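Structure record follows, encoded as structure tokens.
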């Protein structure tokens, strides 16, 4: 799975792997050759051997550096190309999901997706280098001292494997503990900031400060234990290097007679190269844990069939919306069985007190909330309809419509339409053409969350965007929340005018005074029950 889905393919990637192998060979050859030549020069003083040593060391050092930069350039290029293909695919799969938490979706397209590069750059690469270095050093030593070569191989494998196991288990344990404590600390801080006045007025500030201090200490202790464990794991590698050198030298000296000093130097110093190259394995074990967590979350999504989880049923223009014994449950409230038929070209008002399930029905209608019973659009269960197809016909406009940072033109272009004439015509339909004309019209720059336009204008801008997408049925969730009566009446006029042109509406509201101004409408009343 990892090789097929997360590992890059192609000539650039293969070039990077080749450079990575040559870098490891060069590292071992650098130390082995330099130790051999320097020892030889010490044995026979002529300057020739010293010059050979200097030239040889420089040659292998330059070769290793060249291979290092080549493998980094090639592998990074291949990895980023792979991520560039995975990212839009992930966005598409998420958009087809019937429901997904915003925080979870954001985590997947940022941290989780970025962690996929760890497999190639921080796990596969160091792993291949370590294997190549161990084998190269063992072979070099075994050419002259077979027993020493085998001992070096066994000690290197044993010490590196122990270090990896300790590092990985510590990472897994610490990650879980830290995530629990960090989540509680984050939640406490948000609660303190968002309700600061209330907390101070009830004299709870000291209690919150003590809790935050306690959680920070827990985080520090967790990080400290993790650092100590990683230090212990790193010391295993260091001890392994010392043991490999001592064992190789001892076996070479006592097993083989008449060993030249320059050959003994090769047997003594070459094992150091193994542990120099393998020094990145500890960070590789940490990166592998991070990659494994991300893979577990992303692999099912990226490998699912194109229509898996969406049903894939396409629907055309709306002609019917109905439910039979529909039941929804959200948090601790459950919506009793309810049945209704909504006129697709008329106006319906879904009323009820807060918590009665109004917004839940709205979300279920566009496939964002699972349900029990039957909920059909054009005679097809919503749970089996392709989400993109459904939302091209029916759009939910939230209580606080999303206004994106950018111009009015940018906000309307999200619909997929970029014709400026069509944009102006649509703005006129919702009564915004005159209101925006003196401020730049389509070029009016909207600030964060639309702070420089009113709530009523944001509602009507969202309606314009929905109309430009081709949708002919709009669900308005508490559209008058935060609006004064004047802006509410402007919104009423837009709803009535668009309805006369064939656009259907479901108005979700508890504001029956506003609802009474919508003329003839079908009323649906809800009363949820605590579960």
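For the structure I just gave you, tell me whether residue 39 is modelled with pLDDT of 75 or more and over 33 Å from the mean Cα position of the chain (by Cα).
On the way: modelled with pLDDT of 75 or more: no; over 33 Å from the mean Cα position of the chain (by Cα): yes.
No: the conditions fail for residue 39.
Of all residues in segment 303-318, none satisfies being under 28 Å from residue 495 (Cα atoms), surrounded by 21 or more Cβ atoms within 10 Å (Cβ to Cβ) and either modelled with pLDDT of 80 or more or in contact with a strand residue (DSSP E or B) (Cβ under 9 Å, 6 or more places away or on another chain) (or both). Within segment 353-372, the set of residues being without any contact (Cβ under 8 Å) to a residue 60 or more places away in the chain and loosely packed, with under 15 Cβ neighbours inside 10 Å comprises 372 only.
Every condition in (1) in contact with a strand residue (DSSP E or B) (Cβ under 6 Å, 6 or more places away or on another chain); (2) surrounded by fewer than 17 Cβ atoms within 10 Å (Cβ to Cβ) is met by residue 470 except one, and the failing one is (1). Across segment 490-531, the qualifying residues are those that are exposed (fewer than 15 other Cβ atoms within 10 Å of the Cβ), in a loop (DSSP other than H, G, I, E, B) and more than 38 Å from the chain's Cα centre (by Cα), and the one among them that is modelled with the lowest pLDDT is 527.
Put simply, of 213, 235, 250, 167 the only residue that is part of a helix (DSSP H, G or I), within 30 Å of residue 146 (Cα to Cα) and at pLDDT 85 or above is 235. Picking from residues in segment 126-139 that are surrounded by fewer than 22 Cβ atoms within 10 Å (Cβ to Cβ) and closer than 16 Å to residue 26 by Cβ, the one that is nearest to the chain's Cα centre (by Cα) is 128.
Would you point out which residue out of 290, 258 is more than 25 Å from residue 27 (Cα to Cα), surrounded by fewer than 22 Cβ atoms within 10 Å (Cβ to Cβ) and at pLDDT below 80? Working first, answer last.
On the way: 290 fails: at pLDDT below 80.
Testing whether each residue is more than 25 Å from residue 27 (Cα to Cα), surrounded by fewer than 22 Cβ atoms within 10 Å (Cβ to Cβ) and at pLDDT below 80 leaves just 258.
Per-residue answers, yes or no, for (1) touching a strand residue (DSSP E or B) at 6+ places or on another chain (Cβ under 7 Å); (2) surrounded by 14 or more Cβ atoms within 10 Å (Cβ to Cβ); (3) part of a loop (DSSP other than H, G, I, E, B):
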residue: 427; (1), (2), (3): no, yes, no
residue: 431; (1), (2), (3): no, yes, yes
residue: 453; (1), (2), (3): yes, yes, yes
residue: 457; (1), (2), (3): no, yes, no
residue: 488; (1), (2), (3): no, yes, no
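Among the candidates 437, 383, 449, the residue that is surrounded by fewer than 22 Cβ atoms within 10 Å (Cβ to Cβ) and under 30 Å from residue 313 (Cα atoms) is uniquely 383.
The values are calculated or read from the model by the stated rules, or taken from the named source; none is laboratory data. Computed from a predicted structure; not experimentally measured. No Cβ is skipped: glycine too gets one built from the backbone with ideal geometry, and neighbour counts run over all protein chains shown.
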